[in-house]
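Visitor: One structure is given below, represented as structure tokens, and several questions about it will come after.
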Amino acid sequence: ISSVGVVTWVKNFGGFAAYAYINGIAVDAYRNVYLGGNFERANLTTPPLTISGNIGSSDAFVIKLNIVGNTTWARNFGGNGAVTVGASIAVDESGNSYLGGHAGFADLTTPILSSLLGIQDAFAIKLNAAGTITRVEKFGGAGAYVCGNGIAADAAGNSYLGGYFQDNNLT
């Protein structure tokens, strides 16, 4: 929607029998739009993303759209049996995007986040402007339930993940 309230473009995302959720949106200096969220139950056809695991799985995603709403790239993150949620997204001045969220029940295979620390771990994923993963961090503890709910980035490329943990300490 333009600054005077005119709709300039509209896009939808999904696939047959898929549930898709957009949980965060960010815009860079060039007016590219970044969407963070998750999808479950089936693959997405728009944009084409294949769920990483079985039907019970949920994958997190990042989608980058250009100024006219066309998909520049789309990436998903998950694993067989994992429930992965992209809860928030941020972008820095260099066009790097940061996805914050949480995953549980099984290890992630994309990106590789093996050996879950707890029942559910929080994560932060950094992607460069081309959508390539450049850094992944996980946060958890044995028996802990950890949620990454918000992420921010500063001009120096630092990221900040906020959330909560319960049932045990973080390691």
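Visitor: Let me confirm something: among Asn38, Asn76, which residue is in a strand (DSSP E or B) and open to solvent by less than 20 Å² (accessible area, probe 1.4 Å)?
Guide: Values: Asn76 fails: open to solvent by less than 20 Å² (accessible area, probe 1.4 Å).
Criteria check complete, one pass: Asn38.
Visitor: Follow-up question, since we're still on this one. So which residues in the stretch 1-35 are under 23 Å from Leu49 (Cβ atoms) and assigned to a loop (DSSP other than H, G, I, E, B)?
Guide: Result: Trp9, Val10, Lys11, Asn12, Phe13, Gly15, Phe16, Ala17, Ala18, Asp28, Asn32.
Visitor: Inspect all residues belonging to the stretch 113-121 and state whether any of them is surrounded by fewer than 20 Cβ atoms within 10 Å (Cβ to Cβ) and more than 23 Å from Arg41 (Cα to Cα).
Guide: Checked against the condition, which is being surrounded by fewer than 20 Cβ atoms within 10 Å (Cβ to Cβ) and more than 23 Å from Arg41 (Cα to Cα), the stretch 113-121 yields at least one hit.
Visitor: Moving to a separate point now. Test Tyr164 against the criterion of being within 17 Å of Gly104 (Cα to Cα), of a type in the set (Ser, Thr, Tyr) and in a strand (DSSP E or B), and give yes or no. Even if it seems obvious, please write down each step before you answer.
Guide: Details: within 17 Å of Gly104 (Cα to Cα): yes; of a type in the set (Ser, Thr, Tyr): yes; in a strand (DSSP E or B): yes.
The answer is yes for Tyr164.
Visitor: What do you reckon, is Thr109 of a type in the set (S, T, N, Q), surrounded by fewer than 21 Cβ atoms within 10 Å (Cβ to Cβ), within 26 Å of Gly15 (Cβ to Cβ) and at pLDDT 95 or above?
Guide: Considered against the rule, which asks whether it is of a type in the set (S, T, N, Q), surrounded by fewer than 21 Cβ atoms within 10 Å (Cβ to Cβ), within 26 Å of Gly15 (Cβ to Cβ) and at pLDDT 95 or above, Thr109 comes out as no.
Visitor: Within the stretch 89-133, how many residues turn out to be within 18 Å of Ser57 (Cα to Cα), touching a Ser or Thr at 6+ places or on another chain (Cβ under 6 Å) and assigned to a loop (DSSP other than H, G, I, E, B)?
Guide: 1
Visitor: Against the definition (loosely packed, with under 15 Cβ neighbours inside 10 Å, more than 15 Å from the chain's Cα centre (by Cα) and under 30 Å from Thr72 (Cα atoms)), how does Ala142 come out, yes or no? Explain how you work it out, then say what you get.
Guide: Numbers: loosely packed, with under 15 Cβ neighbours inside 10 Å: yes; more than 15 Å from the chain's Cα centre (by Cα): yes; under 30 Å from Thr72 (Cα atoms): no.
Criteria not met by Ala142.
Visitor: Would you be able to say whether some residue in the stretch 83-92 is open to solvent by 40 Å² or more (accessible area, probe 1.4 Å) and either charged (D, E, K, R) or within 26 Å of Ala156 (Cα to Cα) (or both)? Before the answer, list the steps.
Guide: First, the residues of the stretch 83-92 that are open to solvent by 40 Å² or more (accessible area, probe 1.4 Å): 83.
Now narrow it down to the ones that are either charged (D, E, K, R) or within 26 Å of Ala156 (Cα to Cα) (or both): none.
No - not one qualifying residue is present in the stretch 83-92.
Visitor: As an exercise: evaluate Thr46 against (1) closer than 13 Å to Gly131 by Cβ; (2) more than 11 Å from the chain's Cα centre (by Cα) and give the number of the one condition it does not meet.
Guide: (1)
Visitor: Residue by residue through the stretch 48-72, note down the ones that are of a type outside the set (A, V, I, L, M), part of a strand (DSSP E or B) and surrounded by 15 or more Cβ atoms within 10 Å (Cβ to Cβ).
Guide: Initial filter on the stretch 48-72 (of a type outside the set (A, V, I, L, M)): 48, 50, 52-54, 56-59, 61, 64, 66, 69-72.
Of the ones still in play, those that are also part of a strand (DSSP E or B) are 48, 58-59, 61, 64, 71-72.
Those that are of a type outside the set (A, V, I, L, M), part of a strand (DSSP E or B) and surrounded by 15 or more Cβ atoms within 10 Å (Cβ to Cβ): Ser58, Asp59, Phe61, Lys64, Thr71, Thr72.
Visitor: Using the structure shown, decide if Val136 is among the β-branched types (Val, Ile, Thr), out of contact with any Lys or Arg (no Cβ under 8 Å at 6 or more places or on another chain) and either surrounded by 20 or more Cβ atoms within 10 Å (Cβ to Cβ) or in a strand (DSSP E or B) (or both). Write out each step before concluding.
Guide: Working: among the β-branched types (Val, Ile, Thr): yes; out of contact with any Lys or Arg (no Cβ under 8 Å at 6 or more places or on another chain): no; either surrounded by 20 or more Cβ atoms within 10 Å (Cβ to Cβ) or in a strand (DSSP E or B) (or both): yes.
In short, no.
The values are calculated or read from the model by the stated rules, or taken from the named source; none is laboratory data. Fair warning: this is a prediction, and the values are worked out from it, not measured in the lab. No Cβ is skipped: glycine too gets one built from the backbone with ideal geometry, and neighbour counts run over all protein chains shown. Areas reflect the complete protein model, heavy atoms only, side chains present, ligands, DNA and RNA absent. Shrake-Rupley method; radii C 1.70, N 1.55, O 1.52, S 1.80 Å.
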